[in-house]
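Comments concern the structure below.
Only the coordinates and a few stated rules stand behind these numbers; no lab work does. All of these numbers come straight from a predicted model, not from anything done at the bench. Cβ coordinates were reconstructed from backbone atoms using ideal geometry, including for glycine residues, and neighbour counts include every protein chain displayed.
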Amino acid sequence: MTRIDPRSDIKVMSKYHSPQVDVPIRLNTNESPFDPPTAWLHDVNDALQSIHWNRYPDRSASKLRAAIAARHGVSVDNVFVANGSNEVLQTLLLTYAGAGRTVATFEPTYQLHTHLSRISGATVVSGDRREDFTLDLDEVRRVLNTYSPHVTFLCSPNNPTGRIEDRAVVDEVVRTAPGIVVIDEAYAEFADWSALELIQEDRAVAVSRTFSKTWSLAALRLGYLIAPTWMIEQMEAVVLPYHLDTFKQIAGEKALAYVNEMDARVAGIVSERERIVAHLGALPVDTWPSGANFILFRPRQIGALVVWQRLLEAGVLVRDCSSWDRLQGCLRVTVGTPEENGVFMSALSRALS
Ligand SMILES: *Cc1c(COP(=O)(O)O)cnc(C)c1O
């Protein structure tokens with residue numbers, strides 16, 4: 001049998017994955033530690049009975065998009081939905097990036113921005129964040145002026161650092177970027193400001209959101225983009241027909257009826273995050289301010305891999321970022337249930353002693 005090589009530009013790509021290890025306490029992928037509301041499960045169960053399974057879904061997902069639009073006070077024509085915000089971003093890149101075009105990122109940031117851009121065929125140019133992981137406007141201007149990227153990615157709060165992008169800096173990027181500015185807001189519900197307020201018809205600015213984190217629905221694979229209507233229209237022409245199944249459209253729409261429950265969970269996770277931050281403050285680790293549901297930290301005296309292994313032996317899996325560019329020696333922990341966080345904190349104290 002003849003093996004066929006993939007595209008030469010894909011051959012060199014490393015696969016993006018987060019190791020899934022079977023341990024009692026998984027604090028490595030920033031999911032919600034809680035189940036979605038039981039009432040939502042009942043709603044979805046009822047809805048299952050009335051789906052016309054023999055028919056293609058509503059191609060424009062109009063009810064789901066209307067519910068999302070209502071939540072954010074925008075028009076349904078400002079909303080694009082897809083299978084996770086990853087597919088949202090992929091569609092955006094297929095529409096505006098691709099061969100011969102350039103995408104800018106500021107590192108360290110979410111690795112999939114680079115990965116998806118390269119798969120689209122685009123060239124990725126990267127600027128550096130400062131030592132404290134904030135954006136440096138001079139560096140941003142250098143990248144924008146040198147490369148005139150067609151798409152510029154920001155991420156707020158930024159994964160994996162947890163830092164919220166500074167509002168004035170984002171304003172400035174939006175003013176000076178020559179192409180589209182995408183702000184990935186997968187963790188926006190934990191943050192104190194959102195770039196949604198920057199969306200205007202005459203501005204090439206888009207904000208992506210997901211049901212995977214705050215909504216406790218990572219299994220559903222649902223995300224969306226809020227953007228000017230012309231962008232939504234152009235992306236609709238690129239995405240696969242009927243890409244969003246009927247079940248998902250209903251499940252997502254029903255979830256939006258539980259905003260209060262979601263807000264309460266977010267508040268609980270934020271207070272747990274502050275409890276962990278206080279604990280880390282008394283240990284020999286460096287940390288950075290987090291506006292998300294995870295915390296990046298760097299052990300000062302013991303190697304990150306040793307600490308990661310000791311935590312694993314205590315039944316706690318955290319994300320090892322220590323081999324990633326610009327994150328030498330860093331680990332990232334997702335905020336879990338109060339019990340899980342308690343186990344993590346005492347295991348970390350022991351691991352560091
Ligand atoms: C988790 C995460 C996402 C979520 O992607 P989905 O495809 O919606 O699950 C997107 N962006 C960032 C920065 C993330 O951390």
Report summary line: Exposure-ranked with fewest Cβ neighbours within 10 Å first, SER322, SER75 stand as SER75, SER322
Report task. Find the eigenvalues of the gyration tensor of the Cα atoms of the range 169-282, then list the square roots of 5 times those eigenvalues as equivalent ellipsoid semi-axes, largest first, in whole angstrom. Result -> 28, 23, 11
Report summary line: A convex hull over the alpha carbons of the range 1-91 yields, per residue, a volume in Å³ of 262 Å³
Query raised in the report: Any number yet on Rg/Rh for the chain, C-alpha, Kirkwood?
Result: 0.97
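Using a cut-off of 10 Å between beta-carbons, work out the net charge of the residues near ALA304 (Lys and Arg +1, Asp and Glu -1, ALA304 not included).
Details: positive: ARG298; negative: ASP320.
Net charge in that neighbourhood comes out at 0.
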Report task. Using a cut-off of 11 Å between beta-carbons, work out the net charge of the residues near PRO37 (Lys and Arg +1, Asp and Glu -1, PRO37 not included). Result -> -1
Query raised in the report: What does the charge add up to near TYR258, with Lys and Arg as +1, Asp and Glu as -1, over the other residues with Cβ less than 14 Å from its Cβ?
Result: -3
Report summary line: Ranked by GNM mean-square fluctuation in the chain (Cα springs under 10 Å), the top entry among ARG332, ARG300, ARG209 is ARG300
Query raised in the report: Order of 103-110, 263-270 by packing, highest average Cβ count within 10 Å first?
Result: 103-110, 263-270
Report summary line: Sequence order, the range 156-163: Karplus ³J(HN,Hα) from phi using 6.51 cos²θ - 1.76 cosθ + 1.60, θ = phi - 60°, Hz rounded, Gly and Pro as x, gives 9, x, 7, 9, x, 8, x, 6
Requested in this report: Would you kindly state how much longer the chain becomes between ARG141 and LEU48 on full extension, computed as 0.36 nm times their sequence separation minus their alpha carbon distance, in nm to one decimal?
Outcome: 28.4 nm
Query - Alpha-carbon Rg with Dmax, taken over the range 49-257, Å - result: 16.8, 57
Report summary line: re the range 197-353: pairs of Cα atoms spaced beyond 28 Å account for a percent value of 40 percent
Report summary line: Residue by residue through the range 329-346, the couplings from Karplus 6.51 cos²θ - 1.76 cosθ + 1.60 with θ = phi - 60°, in Hz, x for Gly and Pro, are x, 9, 10, 10, 10, 8, 5, x, 6, x, 5, 4, 5, x, 4, 4, 5, 6
Report summary line: With +1 on the Cβ of every Lys and Arg and -1 on the Cβ of every Asp and Glu, the dipole magnitude of the range 1-155 about its Cα centre, in debye rounded to the nearest 20, is 580 debye
Query raised in the report: Suppose every K and R has +1 on its Cβ and every D and E has -1 on its Cβ; what is the size of the dipole of the chain about the Cα centre, in Debye to the nearest 20?
Result: 800 debye
Query raised in the report: Residues with amide H under 5 Å of ILE180's amide H, sequence separation 5 or more or different chain, H placed in the peptide plane at 1.01 Å from N; which?
Result: VAL151, THR152
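How large is the convex hull of the Cα atoms of the range 266-353 per residue, expressed in Å³ as a whole number?
Values: hull volume 7.3 nm³, N = 88.
Expressed per residue, the convex hull around the Cα atoms of the range 266-353 is 83 Å³.
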